[in-house]
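K.L.:
The structure under discussion is supplied below as structure tokens; questions concerning it will follow.
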Amino acid sequence: MNLEQLLSLDHPLTRLVIGLLCIFAFVGLNGLVLVWVERKVAGHCQLRPGPLHVGPHGLLQPLVDAVKLIGKQLVAPAGSDKILYWTAPLLAFAPVTVCFLPLPWAPELSMIPMNLGLVLILAFSGLGVLSLILAGWGSNNKWGLLGAARSVAQSVAYEVPLLLSVMAVAITAGSLDLYQISAQQGGWPWQWYGVKNPLAFFIFLVCAVAETNRAPFDLPEAESELTAGFHTEYSGMGFGLFFLAEYANMIIVSGVAAALFLGGWQGPFLPGVWWFLVKIYCILFFIIWLRWTYPRVRFDQLLNLSWKWLTPLALLDLALAVIVAGFGG
């Protein structure tokens, strides 16, 4: 293999490197945008103006916040396990880059084509929970440990119905390739699996909010009784990596939802990457709006919702999907 072949865009290694660079740039820019959007949505939902004074309409406020986080000193508690303490924020962000690779941005925009892209995302997204466990355990803080314990219970509870809802779509499409699932749907809403199977779409959205620790399901970091939970002892970019990983995971679950239930890059006219981005940010707006509209649920209510309602409904939906697929529907 010569250098010219290696630098060609058709080479898998070159595509991977370019894809990773684009992912890092997109995650950083998206974090800045969503910080501003979240504050503005919160302000309008609760009759507050949000950031106004740093730049026009507060547009430069996220940059100021980023500089503040970078400038803060990184301090570890005296009794903490240093290895676990510093591994946790890195582990929270590391799986994000892998989960972005199989997302179907457009037919001509594939970073790594793979027929098990959905499995890859589901497998690596589970590592985020491990980072929360390490953060709470390694901090030597009882509030952090309680937040870590909550994160385990919440993740186990909501991964079950989420996987069942995903399997219903995979069985209907006959594939685990997100590109193929998106291609099988048309550009009009009645051709999307979210309209054909609204129960699976609803279950996925609820579980996605819970899996990303967003309100009203943000029990692992409930500041009302846990003083920020698992990341209580983190400051500076240690906290910043957790914060950035949360927004990146929101993009991932929104991208998976757009691919599985909303037709991916397909639209009524001019299909392309912009349709995929519009659908992602519509779901993101819904998640942010949900946070600033509803109060936090109790932990027993959180678990009851999953085990008593979502899991049985997801099993019923999966059974119906198998029956319909078996009869050639």
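The values are calculated or read from the model by the stated rules, or taken from the named source; none is laboratory data. Just so it is clear, the model here is predicted, and its values are computed rather than measured. Here the Cβ positions follow ideal geometry from the backbone for every residue, glycine too, while neighbour counts run over all protein chains shown. Keep in mind that these areas ignore ligands, DNA and RNA; they rest on the heavy atoms of the full protein, side chains included. Shrake-Rupley method; radii C 1.70, N 1.55, O 1.52, S 1.80 Å.
K.L.:
Are any residues in region 275-301 free of Cβ contacts under 8 Å to residues at least 40 places away in the same chain and in a loop (DSSP other than H, G, I, E, B), and if so, which ones?
P.N.:
Arg298
K.L.:
Related question: I'm told Tyr234 meets every condition in (1) within 20 Å of the chain's Cα centre (by Cα); (2) closer than 30 Å to Gly71 by Cβ except one. Can you identify the failing condition by its number?
P.N.:
In the conditions (1) within 20 Å of the chain's Cα centre (by Cα); (2) closer than 30 Å to Gly71 by Cβ, Tyr234 misses (1) alone.
K.L.:
Among the residues of region 198-217, count how many are in contact (Cβ under 8 Å) with a residue 60 or more places away in the chain and either over 22 Å from the mean Cα position of the chain (by Cα) or part of a helix (DSSP H, G or I) (or both). Spell out how you get there, then give the answer.
P.N.:
Start the filter on region 198-217 by keeping residues that are in contact (Cβ under 8 Å) with a residue 60 or more places away in the chain, which leaves 199-201, 203, 205-217.
Still in the running and either over 22 Å from the mean Cα position of the chain (by Cα) or part of a helix (DSSP H, G or I) (or both): 199-201, 203, 205-211.
Qualifying residue count, region 198-217: 11.
K.L.:
For region 257-274, what are the residues that are in contact (Cβ under 8 Å) with a residue 12 or more places away in the chain, open to solvent by 10 Å² or more (accessible area, probe 1.4 Å) and assigned to a helix (DSSP H, G or I)?
P.N.:
Val273
K.L.:
Only one of (1) in contact with a Gly (Cβ under 9 Å, 6 or more places away or on another chain); (2) surrounded by 13 or more Cβ atoms within 10 Å (Cβ to Cβ); (3) closer than 21 Å to Asn140 by Cβ is not met by Pro62, so which one is it?
P.N.:
Exception for Pro62: condition (3).
K.L.:
Next up: For region 57-87, what are the residues that are in a helix (DSSP H, G or I) and β-branched (Val, Ile, Thr)? Give the derivation first.
P.N.:
Residues of region 57-87 in a helix (DSSP H, G or I): 57-58, 61-71, 82-87.
Once the filter is applied, which keeps residues that are in a helix (DSSP H, G or I) and β-branched (Val, Ile, Thr), region 57-87 yields Val64, Val67, Ile70, Ile83, Thr87.
K.L.:
So Asn304 passes all but one of these: (1) open to solvent by 50 Å² or more (accessible area, probe 1.4 Å); (2) touching a helix residue (DSSP H, G or I) at 6+ places or on another chain (Cβ under 7 Å); (3) part of a helix (DSSP H, G or I). Which condition number does it fail?
P.N.:
(2)
K.L.:
Consider Thr232 carefully, then state whether it is over 22 Å from Leu118 (Cβ atoms) and either polar (S, T, N, Q) or open to solvent by 30 Å² or more (accessible area, probe 1.4 Å) (or both).
P.N.:
Details: over 22 Å from Leu118 (Cβ atoms): yes; either polar (S, T, N, Q) or open to solvent by 30 Å² or more (accessible area, probe 1.4 Å) (or both): yes.
Judged against the criteria, Thr232 is a match.
K.L.:
Among the residues of region 75-99, which ones are over 23 Å from Leu29 (Cα atoms) and either free of Cβ contacts under 8 Å to residues at least 40 places away in the same chain or surrounded by fewer than 14 Cβ atoms within 10 Å (Cβ to Cβ) (or both)?
P.N.:
Val75, Ala78, Gly79, Lys82, Ile83
K.L.:
Search region 303-328 for residues that are among the acidic types (Asp, Glu) and pair each with any residue that is part of a helix (DSSP H, G or I) when their beta-carbon atoms are under 8 Å apart and the residues are at least 6 apart or on different chains.
P.N.:
Within 8 Å, the pairs are Asp317/Leu164; Asp317/Ser165; Asp317/Ala168; Asp317/Leu199; Asp317/Ala200; Asp317/Ile203.
K.L.:
Test Leu320 against the stated conditions and say whether it is of a type in the set (A, V, I, L, M), open to solvent by 60 Å² or more (accessible area, probe 1.4 Å) and assigned to a helix (DSSP H, G or I).
P.N.:
Working: of a type in the set (A, V, I, L, M): yes; open to solvent by 60 Å² or more (accessible area, probe 1.4 Å): yes; assigned to a helix (DSSP H, G or I): yes.
Considered against the rule, which asks whether it is of a type in the set (A, V, I, L, M), open to solvent by 60 Å² or more (accessible area, probe 1.4 Å) and assigned to a helix (DSSP H, G or I), Leu320 comes out as yes.
K.L.:
What residue, of Phe239, Phe243, is of a type in the set (Phe, Trp, Tyr), surrounded by 17 or more Cβ atoms within 10 Å (Cβ to Cβ), within 23 Å of Arg39 (Cβ to Cβ) and under 14 Å from the mean Cα position of the chain (by Cα)? Can you show your working first?
P.N.:
On the way: Phe239 fails: under 14 Å from the mean Cα position of the chain (by Cα).
None of the others qualify; the one that does is Phe243.
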